[in-house]
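A short write-up of the structure that comes next.
What follows is calculated from the coordinates using simple rules that are stated; it is not laboratory data. Being a predicted model, the structure only gives us computed values, none of them experimental. Don't worry about glycine lacking a Cβ; one is built from the backbone with ideal geometry, like all the others, and counts go over all protein chains shown.
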Amino acid sequence: MSATRTISVTVNGKAYEREVEVRVTLADFLRQELGLTGTHLGCEHGVCGACTIQLNGRSARSCLTLAVQADGQEIKTVEGVAPSADELHPLQEALSEHHGLQCGFCTPGILLTLLEFLDDNPDPSEADIRLAISGNLCRCTGYQGIVDAALAAAERLRGGAAK
Amino acid sequence: MNMTMTVIGKPMLRLEDPRLLRGEARFIDDIKLANMAEAAFVRSPNGHALIKGIDASAALALPGVMAVLTLDDLRPHLSGEHLVVGLPSEAYKQDRNRPALCRDEAVYVGEPVAVVVAENRYIAEDAVDLVAVDYDILPAASDCRAALAEGAPPVHRDGADNLLAEFDMEYGDVDAAFAGAAHVFGESFWQHRGGGHSIECRGMVADYDKPTDKLVLWNSTQMAHSSLRVLVEMLGRDENRVRVVTPDIGGGFGPKLVIYQEEVVVSIASIVLGRPVKWIEDRREHFMTSTQERDQYWEVEIAVDDAGGIRGIRGSIVHDHGAYTARGINLPQNSGETLPGPYVVPAYRMNVRLALTNKVPVTPVRGAGHPQACFAMERMLDRVARELGLDRAEVRRRNLIPAESMPYTKPLKSRSGAPIVLDSGDFPASQQAALDKADWSGFGARQQAALEDGRYIGIGVANFVKGTGRGPFEEVTVRIGASGRVQVYTGAAAIGQGTETMLAQIVAEELGGEVANITVTTGDTARNSLGIGTSNSRVTVVAGSSAHAAARKVRDKALLVASHLLELPVEELEIVGAEIRAKGADERRKNVWIALADVANAVAGTPGYALPGGVEPGLEATERLLFDAMPYVNGTAVAEVEVDPHTGGVEILSYKMTHDCGRMINPMIVHGQVIGGAAHGIGNALFEWMQYDAMAQPLTTNYADYLLVTATELPRIEVVHTETPSPLNDLGVKGVGECGVIPAAAVLASAIEDALTPFGVRIARAPITPPDILALIRAA
């Protein structure tokens, strides 16, 4: 029950080596072992998407992933999204400007989901964005501010208008 | 009200956002204290059962388990075994308060029986499975109508029946109104709403420090001061030995206004073990143990004249209360009180019965009984229109309270005993604006064209009002200290509605105009001696008004002290940012200024020196402005849908609202609240259904079985705001948090029914799911 393994992961560019119980989820490992509490748990059964991180550049549910499965892999969490301590990523800025967050609990998962999506789809339609975040539950916003933010961020990332 | 506002009314970016966007916010589960243990609860798997015995020996033998506590173990630390939290009412026929843990009877699935504390949550959950509880299963009452029937199994084995409370609301000569009416139409409705489903579940960290005998409860609650009161009463502790603090809160939506057993149990666990104890609700527990809204069954009749004018309404409601009183009779009281809503209803009588059931208690979820009232009223008006061959909007127009009748008194009493007075607003204009925006008059042609293409589209309309800003008060302290920054403290918790930004805008308007110079602390009982909390779309009205008044007092004092220090009259001074300056562009005066920090220090006192100008010490003010009457928000929703008669699927083609919540402190935030509320209401209308079987076993305890609305099911929601200032407070504000929810089920039922006109389908329920629609089409 408490078998352990040693794993090495790179999280937001920083390398970690830790001994973990094999049953510990990646979400709990990030939050409790590494202290990266920006990744949130909303349902722990893979539906709400709050715990979404990127594993080797692909979005993944950290509540349904075991920490040992991430051995040797690259992880990005919400703490690694902003370019610096006093700058936000354009998607983060857009979420604030378009009121795409209220309580903010689902926001980290939304960010990591949309960052992957915008990498693959630099010029998305509103319907594309709605589909992309259909695996993320938000109880506050009705998603509209999130969709508007994603459209604005996409434009900004393409080098279009500033706002 | 100062009409040259520079901060209030601006769509400023929220102060909360940067920390939330960076993952740097601190939610309850992010708190990790040294030596902290974690708890998991042993919960009843039965809707109703006797508990014959609890054997924790195997659990206690598991390495890493520190304690398994039952009610017997809590007793030495309890001065009362039950959480007594019900709002007062004469309508109660039974007192049904929750014990901290089950004694010898469990009355709903999920009721806590024992708590396990262990080194971590993994071990605690292992140990929960090892606690053997010997249950004798008893018959359970599941359906609230059946629970009130003769011979129904009692929800509590010592109960004679399951009638928790009954009351009537009445005004006018109802019988005469019906006796002389040209038409009387009767309807039966089943209305269901689900749980709160904040994406962050409940949770808490209790930190008992033995050397100082102090207990701090970090708590993801909407009501820090209520939590404190319950802890003081149940643990027999002094107020200065308990503190409840709210961290960042990942949504509330109602269920977090309730004080729960876990708050008491986790606190005692920390006291017993002498170390911090954390408990975080998991999602399955949220479905089983966080309070919900559930079922209401309505029988209603409406009496109208030949022109569709309402003469009277009468009926009855059976309301599923759950197994205990966790809040009060307020939910069906809201429903009954609100039914006449924005309309002139000369005579009205409603009988309300609250049924105990073997389910988790029912308490308000965003909207709190109002969506059900709106649904019942609007469904009846659609019926009137159909029977009399009138346009649905026209029937409403004929019955809406005219603008010139404002303020309009309804001869009903609110729970404070004060009459219900709709304070302001123009309801007919609101409806007309929504109709115009949705091209209501052009819809007939659109519908005909669609039908020719084999498509079934429909349009619906619904009006609503919502009492907001429930009193009596919310305390706000505004203080400037040595930092020169303005500190704002309120007992109300911030649960995602931009409370920090809203209060900062109100305070900044009076104190320097710079929101960045304001710091807001919410929901900490060590910071405010009194507090009510966050509920009932109340914080902007009650806390906002107190903040406004307190900021004015601080402003006046700061200017007075500065006038002594600068030797200039008060009228020649102004606060700009964190400084007080001489007004005017005069060159000589450019250097005449003093920092707010220096003013604060001057009145903070220096040993042996007098205060300037003989003022009272301190640059601060605390206000608790009292409110009784409630400002009423009004609005209209118009929705267009397409229904697929082969699948029962509903697509919302457009969703438009008008909304008047008085003066908007931050229009961006208000807009977001209305849209978010509308989405919540649309989810209630089409998807959310908390199902139980006949033994009161919950059947939908994950997000695959219980559906929350996602981005792909929602249309772009369009909202037109008007601002009719409320005369009830200086800011002219009304609340906003719950309002978007209210007309959703009503307007979608209207639209779906309209789309299915060729089939003659009648919608008398919510949620309206695809299987329901198919069944209705088949039956029609």
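Excluding residues on the same chain fewer than 8 positions from B:Lys437, give the aspartates and glutamates whose Cα lies under 18 Å from its Cα. Reachable aspartates and glutamates: B:Asp391, B:Glu394, B:Asp426, B:Glu640, B:Asp660, B:Glu718, B:Glu723.
Simple rule: put +1 on each Lys or Arg Cβ and -1 on each Asp or Glu Cβ in chain B, find the dipole, and look at B:Ala224, B:Thr658, B:Val300; the Cα lying farthest toward the positive end is B:Ala224.
The Cα atoms of the stretch B:460-547 define a convex hull whose projected area, averaged across directions, is 7.1 nm². The helix-based estimate of mean residue ellipticity at 222 nm for chain B, built from -39,500 (n - 2.57) per DSSP H run of four or more residues and divided by its residue count, is -8000 deg cm²/dmol to the nearest 500.
Enter the mean projected area of the convex hull around the alpha-carbon atoms of the stretch A:90-157, in nm², rounded to one decimal.
Mean shadow area of the hull around the Cα atoms is 3.7 nm².
Quick check on the exposure proxy: order B:Val592, B:Val541 from fewest to most C-beta atoms within 10 angstrom.
The fewest-first ordering by Cβ neighbours comes to B:Val592, B:Val541.
Among the residues of A:35-48, the average count of other protein chain beta-carbon atoms within 10 Å of the residue beta-carbon is 6.
Net charge of the neighbourhood of B:Thr700, taken over other residues with C-beta under 15 Å away and scored Lys/Arg +1, Asp/Glu -1, is -1. Summarising the label geometry, the points placed 7 Å from Cα in the beta-carbon direction at B:Ala445 and B:Ala779 lie 3.8 nm from one another.
Calculate the translational D of chain B in whole µm² s⁻¹ from Stokes-Einstein, where the hydrodynamic radius comes from the Kirkwood formula applied to all Cα pairs, the temperature is 20 °C and the viscosity 1.002 mPa s. Show your work: numbers first, answer last.
On the way: Rh = 27.8 Å.
Rounded, D is 77 µm²/s.
For chymotrypsin sites (Phe, Trp or Tyr not before Pro), the sites in the stretch B:577-675 that DSSP calls loop and that have at most 14 other Cβ atoms within 10 Å are B:Tyr609.
Label sites at B:Arg415 and B:Ser188, each approximated as a point 7 angstrom past Cα along Cα to Cβ, lie 3.0 nm apart. Segment B:Ser529..B:Asp238, full-extension length gain: 103.4 nm, with 0.36 nm per residue of separation and the alpha-carbon distance subtracted.
Counting Lys and Arg as +1 and Asp and Glu as -1 over every other residue whose Cβ lies under 11 Å from the Cβ of B:Ala326, the net charge comes to +3. Between the beta carbons of B:Thr647 and B:Tyr609, assuming R0 = 56 Å, the FRET efficiency works out to 0.10 to the nearest 0.05.
About its Cα centre, chain A has a charge dipole of approximately 280 debye under the convention of +1 per Lys or Arg Cβ and -1 per Asp or Glu Cβ, with nothing else charged. For the cross-link pairs B:Lys93/B:Lys278; B:Lys32/B:Lys214; B:Lys214/B:Lys557; B:Lys93/B:Lys256, which exceed 28 Å when the distance is taken from alpha carbon to alpha carbon? Result: B:Lys93/B:Lys278; B:Lys214/B:Lys557 exceed 28 Å. Residues whose amide H lies under 5 Å from that of B:Glu514, counting only those 5 or more places away or on a different chain, are B:Gly577; hydrogens are built 1.01 Å from N in the peptide plane.
For the stretch B:417-563, relative contact order (Cα pairs under 8 Å, six or more residues apart, normalised by length) works out to 25 percent. In chain A, Cα pairs under 8 Å separated by at least six residues give a relative contact order of 22 percent. Counting Cβ atoms of other protein chains within 10 Å of each residue's Cβ and taking the mean over peptide A:74-84 gives 2.
Translational diffusion coefficient of the protein assembly as shown at 37 °C, 0.692 mPa s, Stokes-Einstein with Kirkwood Rh over Cα pairs, in µm²/s as a whole number. The estimated diffusion coefficient comes to 112 µm²/s. Restricting the stretch B:114-207 to GluC sites (Glu not before Pro) that sit in a DSSP loop and have at most 11 other Cβ atoms within 10 Å of their own Cβ leaves B:Glu150.
Report the FRET efficiency, 1/(1 + (r/R0)^6), for B:Gln691 and A:Asp123, where r is their Cβ-Cβ distance and R0 is 41 Å, rounded to 0.05. The pair B:Gln691/A:Asp123 has a calculated efficiency of 0.45. If you take the Cα centroid of the stretch B:64-109 and the Cα centroid of the stretch B:1-43, the two points sit 31 Å apart. Neighbours of B:Thr501 by Cβ distance under 10 Å: Lys/Arg scored +1, Asp/Glu scored -1, total -2. Applying 0.36 nm per residue to the separation of A:Thr6 and A:Glu87 and subtracting their alpha-carbon distance, the gain on full extension is 25.7 nm. Working from the Cα coordinates of the stretch A:4-80, the gyration tensor eigenvalues give, after taking √(5λ), semi-axes of 17, 14, 11 Å in decreasing order. Fully extending the segment from B:Asp628 to B:Asp209 would add 146.8 nm, taking 0.36 nm per residue of separation and subtracting the current Cα-Cα distance.
Where the centroid of each part is defined by its Cα atoms, how far is the stretch A:40-61 from the stretch B:627-668 in Å? Going from one Cα centre to the other spans 31 Å. For B:Lys553, a cut-off of 25 angstrom between C-alpha atoms picks up these lysines, skipping any fewer than 8 places away in its own chain: B:Lys10, B:Lys583, B:Lys734. For the pair B:Ser483 and B:Glu299, label points projected 7 Å from Cα toward Cβ lie 6.1 nm apart.
In whole angstrom, how far apart do the alpha carbon centroids of the stretch B:361-416 and the stretch B:524-570 sit? Taking the Cα centre of the stretch B:524-570 as reference, the centre of the stretch B:361-416 is 38 Å away.
With the radius of gyration and the Kirkwood radius both derived from the Cα set of chain A, what is their ratio Rg to Rh?
My calculation of the ratio gives 0.99.
For the residues of B:197-205, the average number of beta carbons from a partner chain within 10 Å of their own beta carbon is 5. Of all aspartates and glutamates in the structure, the ones whose alpha carbon falls short of 19 Å from that of B:Lys590, not counting any fewer than 8 places away in one chain, are B:Glu567, B:Glu571, B:Glu572, B:Glu574, B:Glu579, B:Asp598. The smallest convex shape that holds all Cα atoms of the stretch B:657-780, its convex hull, gives 156 Å³ per residue. The charge dipole of the stretch A:1-74, taken about its Cα centre with unit charges on the Cβ of Lys, Arg, Asp and Glu (plus for the first two, minus for the last two), comes to roughly 160 debye. Overall, chain B carries a charge dipole of about 920 debye about its Cα centre when +1 sits on the Cβ of Lys and Arg and -1 on the Cβ of Asp and Glu, all other atoms neutral.
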